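Structure, as structure tokens:
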Amino acid sequence: MAERRRAAAAELYGRLLQIYDEGKKSIPEHPYLFETDVEIRLIGGNSKSPAERFWNGNNMIYILQKAGHNEESDLMEESKADDAVYESELLQKESSGPVPLSVRRAKQLISLYTMVQNPNMTHLKISKPVALPPLWIRCDSSDPEHTCWLGAEPLKTGNKITGIYLHMVTCDGPTADKTRFADLGELKMAHKIKHHSSVMMTKGFAQYELIRAAAIEDTLVESESNIYIDITWNTVDKILQTPPLTSAATLNITLESGDPRSPVYQLYRELQFLLALAEGLKTGVTEWPEPLESESAVEIVQEFLTDLKTKLDGFCTSGNKNETEKIKCDTAAVDSSIKSIFSERGDLDFAEQLWCKMRSVSSYQELVECFTLILRSLEHGEIQPWIHQGSSSLLSKLIQQSYHGKIDGISLSGITPIQMLLEIGLDKMKKDYVSFFIGQELATLTYLDYFISTSVDLQEQVHRVQKLHHMLEIMVSCTVLLQFKHENLFPLTQTCIKYYKENPLNEKHAFQLPIRPALVKKFYQNDHPEIWKVDISSGHGQKEVKTTWQVSTNPPAEHMTSNNIGLLCDSTVNGDSEERMYFITMAKCSQVQFT
């Protein structure tokens, strides 16, 4: 038994060291197998750690969990060289989520990890143990304490390993029974006795969901959007204490575009038409939208051109305000609560107005007929439309040529009509977004140049316009739901712009904004927190030890697929009162010194 244990420890050390060495070059995307039942993943210091709520390190970390493969794959263990085959199988089963190990197996692995980190274990024939990254193991809560995580990390003095730091996270619930909640005084006393502490510090953390609290009542819309506020403060007075206004707070904003309740929903629909054209240009297959008007697009465009023919002088550079108001694009159907911050521009040129008219195009043939009417009017000099300077679209070039009495011959076949419509739509929407951000003094034209540049291909231009729309939705939502003013919108805009200059569109990304709790207190002061926790700590540096008590509406670990999850709901009604259901989590630690 002892020999087998030593062999297992040596094998684990070899595998962990191999993964660590590879991770120094680049974090492996695939998992590794240990023995037949354990999957090892290395998480980089810049990545989100699954155990981050209970471990605040920022370096690499191992995550161990159950390897979800079938009996046939056991044959692969006989040939360690066939890792690649197993890795592909692991990737296939990822969609089902991580699977925890039994608590008993996790304790065995923690014991092996502790052995190989102990320089006194000379019989393992490890000449000089390397201090490995911390190791955390997903557990199945099968023990009486309901352990969901076990963790370990080496303690060092200089380059010498002097001990091991052990973590244990347990979870109970969900429950609405507050008599099962801990007492802060008892928690502090237990910490003091366990760690022989004379001086202790407490730190509070609370997370509230603001978008639900601020949302319009009686509306249920499926959405990935959420706005949370994370609040931290020192010196906790009691369990479930409302954070003091002197706390540090960070807003976390994740917003999915396209909510029909949004004041800019019509602009979102306009963007969807633009995306359909871009996709048609790329694939050759265009999904035409349902007609927006009872009239056909051809009839609408013909009426528009006839109207222009009767008043050639109606489109001077200064424009006519009343006329412009009358022919504004239908995206001006903006909610009254946001008109002060976002409204349709009043300076739409001919091409932009044409885009608005042609959004009702429902087929390729109709598109060709519309452009045929337009080009015929230009060729015959029947219209002399005004357009903005700086446009690079094909239609704008033809209009400029018409000023001199002659335009190039254009074949309205293939992708040309789709590209022409896409170009004028891009021009119009870019100006819409720029007008908003500059008009609200949230950004300068120079800072927005990346998003409106024409030096990249049309597909990339469309992608960048999508980014602009996502930023707009965020600003409008924060204005409508949270009543944000310029002082908060400005730094949030800068954060979004910086992110989107460096990253692709990602509506699941949480944009962060430090704020004063008083700014949004009215949205959470009478609400239940999503997460509330207290950290009790003593000691400093590597001598620091911590006890954490937490309640949360969601399980504290993604691998917790316990039978309890089906019981989770927002609240349980007891008479006239509503009580939130909470998971109760406790994280404890201990230090073992190697002598």
**Asked** Lys282 passes all but one of (1) modelled with pLDDT under 90; (2) basic (Lys, Arg); (3) within 33 Å of the chain's Cα centre (by Cα); which number fails?
**Response** (1)
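Among the helices (runs of 4 or more DSSP H) confined wholly to the stretch 395-505, which include 2 or more residues that are over 21 Å from Tyr268 (Cα atoms)? Write out each step before concluding.
Numbers: elements: 416-439, 445-452, 458-482, 486-502.
Fully inside the stretch 395-505 and qualifying: 416-439, 445-452, 486-502.
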**Fill in**
Of the residues in the stretch 368-386, those that are open to solvent by 20 Å² or more (accessible area, probe 1.4 Å), of a type in the set (S, T, N, Q), touching a helix residue (DSSP H, G or I) at 6+ places or on another chain (Cβ under 8 Å) and in a helix (DSSP H, G or I) number 0
**Complete:** Looking across the stretch 293-319 at residues that are surrounded by 14 or more Cβ atoms within 10 Å (Cβ to Cβ) and at pLDDT below 85, the single one that is nearest to the chain's Cα centre (by Cα) is Gly319
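Identify, from the list Leu42, Leu33, Leu75, the residue that is more than 28 Å from the chain's Cα centre (by Cα) and modelled with pLDDT of 85 or more.
Numbers: Leu42 fails: more than 28 Å from the chain's Cα centre (by Cα); Leu75 fails: modelled with pLDDT of 85 or more.
None of the other options fit; the residue is Leu33.
Out of Gln365, Gln389, I need the residue that is open to solvent by 60 Å² or more (accessible area, probe 1.4 Å), at pLDDT 90 or above and closer than 27 Å to Gln459 by Cα. Which one? Lay out the reasoning, then the answer.
Working: Gln389 fails: at pLDDT 90 or above.
Answer to the check: Gln365.
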**Request:** May I ask you to list the residues in the stretch 506-552 that are open to solvent by less than 30 Å² (accessible area, probe 1.4 Å), without any contact (Cβ under 8 Å) to a residue 40 or more places away in the chain and part of a loop (DSSP other than H, G, I, E, B)?
**Result:** none
**Fill in**
The lone condition Leu482 fails out of (1) farther than 30 Å from Leu519 by Cα; (2) of a type in the set (A, V, I, L, M, F, W, C); (3) open to solvent by less than 10 Å² (accessible area, probe 1.4 Å) is (1)
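Condition first: assigned to a loop (DSSP other than H, G, I, E, B) and either at pLDDT 85 or above or touching a helix residue (DSSP H, G or I) at 6+ places or on another chain (Cβ under 7 Å) (or both). Can you find one or more residues in the stretch 103-110 that meet it? First the steps, then the outcome.
Residues of the stretch 103-110 assigned to a loop (DSSP other than H, G, I, E, B): none.
Among the residues of the stretch 103-110, not one is assigned to a loop (DSSP other than H, G, I, E, B) and either at pLDDT 85 or above or touching a helix residue (DSSP H, G or I) at 6+ places or on another chain (Cβ under 7 Å) (or both), which makes the answer no.
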**Prompt:** If we scan the stretch 556-576, do we find a residue that is at pLDDT 85 or above and among the aliphatic types (A, V, I, L, M)?
**Reply:** yes
**Request:** State the number of residues belonging to the stretch 185-212 that are closer than 21 Å to Glu579 by Cα and modelled with pLDDT of 90 or more.
**Result:** 5
**Only listed residue being open to solvent by less than 60 Å² (accessible area, probe 1.4 Å) and out of contact with any helix residue (DSSP H, G or I) (no Cβ under 9 Å at 6 or more places or on another chain), chosen from Glu460, Glu423, Glu473** = Glu460
**Request:** Could you tell me which residue of the stretch 113-156 is farthest from Lys24 (Cα to Cα), considering only residues that are free of Cβ contacts under 8 Å to residues at least 40 places away in the same chain and assigned to a strand (DSSP E or B)?
**Result:** Cys139
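Here is a check on your reading of the model: is Glu290 modelled with pLDDT of 85 or more, open to solvent by 80 Å² or more (accessible area, probe 1.4 Å) and within 40 Å of the chain's Cα centre (by Cα)? Full working, then the answer.
Working: modelled with pLDDT of 85 or more: no; open to solvent by 80 Å² or more (accessible area, probe 1.4 Å): yes; within 40 Å of the chain's Cα centre (by Cα): yes.
When the stated conditions are applied, Glu290 does not pass them.
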**Complete:** The condition from (1) in contact (Cβ under 8 Å) with a residue 24 or more places away in the chain; (2) in a loop (DSSP other than H, G, I, E, B) that Ala10 misses is numbered (2)
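Could you please give the count of residues in the stretch 19-52 that are part of a helix (DSSP H, G or I) and exposed (fewer than 13 other Cβ atoms within 10 Å of the Cβ)?
Keep residues of the stretch 19-52 that are part of a helix (DSSP H, G or I), which gives 19-25.
Now narrow it down to the ones that are exposed (fewer than 13 other Cβ atoms within 10 Å of the Cβ): 21, 24-25.
Of the residues in the stretch 19-52, 3 are part of a helix (DSSP H, G or I) and exposed (fewer than 13 other Cβ atoms within 10 Å of the Cβ).
The values are calculated or read from the model by the stated rules, or taken from the named source; none is laboratory data. Nothing here was measured: the structure is a model prediction, and the numbers come from that model. With ideal geometry, Cβ positions are generated from the backbone for all residues, glycine too; neighbour counts draw on all protein chains shown. For accessibility, only protein heavy atoms count, side chains too; no ligands or nucleic acids. Shrake-Rupley method; radii C 1.70, N 1.55, O 1.52, S 1.80 Å.
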